[in-house]
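Just so it is clear, none of the values below were taken in a lab; they were calculated from the coordinates. This is a predicted model, so every value here is computed, not measured. Don't worry about glycine lacking a Cβ; one is built from the backbone with ideal geometry, like all the others, and counts go over all protein chains shown.
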Ligand code: HEC
């Protein structure tokens with residue numbers, strides 16, 4: 001029995017029509033956005049993490065990769081996000097803090113840790129690396145700086161944000177407002193501009 005050529009049902013025509021229009025619109029939007037992006041004088045997303053490495057920092061960078069830290073951490077935008085991203089951590093932690101953490105994670109955090117710490121935790125081996133290697137790695141991490149406004153910098157972008165103000169106004173319970181101060185009312189640490197290590201030991205972001 002020869003099959004006759006079937007024409008599309010009207011429901012199918014509408015469905016394929018919608019999908020077709022969607023694909024055409026998405027393609028036009030993509031091309032338009034790319035043209036806009038390529039013609040901007042400034043990049044769309046400003047890079048707020050930066051780094052200038054000393055010789056020991058460069059050695060630390062190598063040890064960081066060879067020491068399997070990238071299995072859990074991201075630095076210089078490489079690695080994974082299983083642990084914390086360390087880009088910008090140099091603006092939040094001091095070199096001394098980092099040296100102390102790598103050797104003695106739980107005491108330095110003042111809390112139980114997940115992967116660093118005594119055996120059988122997965123990153124227990126870090127504390128058993130040689131002191132020299134750990135120091136070089138700490139120097140490397142301390143040189144991963146972030147500018148104000150970056151997600152890993154101690155201070156949010158300058159100025160007020162209508163969005164944040166309205167969200168805080170609408171959602172933050174009253175007792176939070178008494179307990180916590182608005183981090184944006186603080187003066188940004190001047191040490192950040194000069195590239196000097198922070199004076200505060202505790203990360204400012206915890207007060208948010
Ligand atoms: C198995 C996963 C894993 C590996 C491997 C690992 N880390 Fe971590 N790291 C973590 C986790 C998770 C944390 C958060 C603290 C915790 O709970 O252990 C952390 C925290 C840190 C911190 C503290 C960051 C901060 O500001 O609080 C530093 C610094 C750090 N790791 C460096 C390293 C270095 C250097 C190596 C390699 C020599 C390494 N880590 C290997 C998972 C890992």
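Points worth noting:
- Restricting the calculation to Cα atoms, the range 53-115 shows an Rg/Rh of 0.95 when the hydrodynamic-style radius is the Kirkwood one.
- Annotation for the range 90-116 versus the range 141-177: alpha-carbon center distance of 23 Å.
- At 1.306 mPa s and 10 °C, Stokes D of the range 1-143 from Kirkwood alpha-carbon radius, µm² per second: 82 µm²/s
- Pair residue 104, residue 27: separation of 7 Å Cα→Cβ label points (nm): 6.4 nm
- Length-normalised contact order for the range 49-148 - Cα pairs under 8 Å, 6+ apart - percent: 42 percent
- Among 49, 54, the order by Cβ neighbours within 10 angstrom, fewest to most, reads 54, 49.
- For the range 93-191, alpha-carbon Rg relative to the globular expectation (2.2 N^0.38 Å, N residues): 1.45
- From least to most packed, judged by other beta carbons within 10 angstrom and beginning with the fewest, 151, 130, 61 follow the order 130, 151, 61.
- Here the sum of -39500 (n - 2.57) over DSSP H runs of 4 or more residues, divided by the residues of the chain, equals -13000 deg cm²/dmol at 222 nm, to the nearest 500.
- With R₀ set to 35 Å, the beta-carbon distance separating residue 167 from residue 38 gives a calculated FRET efficiency near 0.55.
- Most fluctuating residue given options 11, 83, 117, as computed from a GNM of the chain linking Cα atoms under 10 Å: 11
- Calculated FRET efficiency for the pair residue 9/residue 52, C-beta based, R₀ 41 Å, to 0.05: 0.05
- Over the chain, relative contact order from alpha-carbon pairs under 8 Å, at least 6 apart, %: 22 percent
- Top of 21, 89, 52 by mean-square fluctuation, Gaussian network on the chain, Cα under 10 Å: 21
- The order of 129, 33, going from fewest to most other C-beta atoms within 10 Å of their C-beta, is 33, 129.
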